[in-house]
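Here's the structure, in C-alpha cells; my notes come after.
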Amino acid sequence: MPLIRRAGNRTPPPIPKHPYRDTAVIYGVMASVLVAAAALTGADVPRAAAVAVAFFVVATAWSWWRFRERIREQAARAARDASGSQVQEGGE
C-alpha cells in the first residue's frame, strides 16, 4: 500500500468483521490511557475521567454512525448491482 494516496484513489478501507465492537474497544482503551496518564502525572483524575468518558461517547458515536452509513451504502450498491444484472439478463 503506498504511503501517499492520489486524489483519484478514494476507495475506503474494507469494513472490519466486527466494526462496532472493535471501535468501542479501541476508544475504551484510549480513554483508559488518558485516565492512566492523568493519574501518573498527578493531574486531576476525576476531571480526566470526565474528559475520557466524553471522548469515548463522542468518538464511538461518530464511528458507529459512519460505519452504519458505509454499510447502508454498500447494501444499496449491492442491490443496485443485483437489479442491474437482472435487467440485463432478462433483456437478452
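Since every read-out is calculated from the coordinates, none of them should be taken as a lab result. These numbers were taken from a predicted model, which means no experiment stands behind them.
Overview of results
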item	result
³J(HN,Hα) computed for each position of the range 64-71 - Karplus, 6.51 cos²θ - 1.76 cosθ + 1.60, integer Hz, glycine/proline x	5, 5, 5, 4, 4, 5, 5, 5
Vicinal HN-Hα couplings computed from phi for the range 77-82 (Karplus, 6.51 cos²θ - 1.76 cosθ + 1.60; Hz; Gly/Pro x)	5, 5, 5, 5, 5, 5
Cα gyration tensor shape of the range 19-91, rounded if a/c is under 1.5, else prolate or oblate by comparing a/b with b/c	prolate
Karplus-derived HN-Hα couplings along the range 40-49 (A = 6.51, B = -1.76, C = 1.60, θ = phi - 60°), whole Hz, x at Gly and Pro	5, 8, x, 7, 6, 5, x, 5, 5, 5
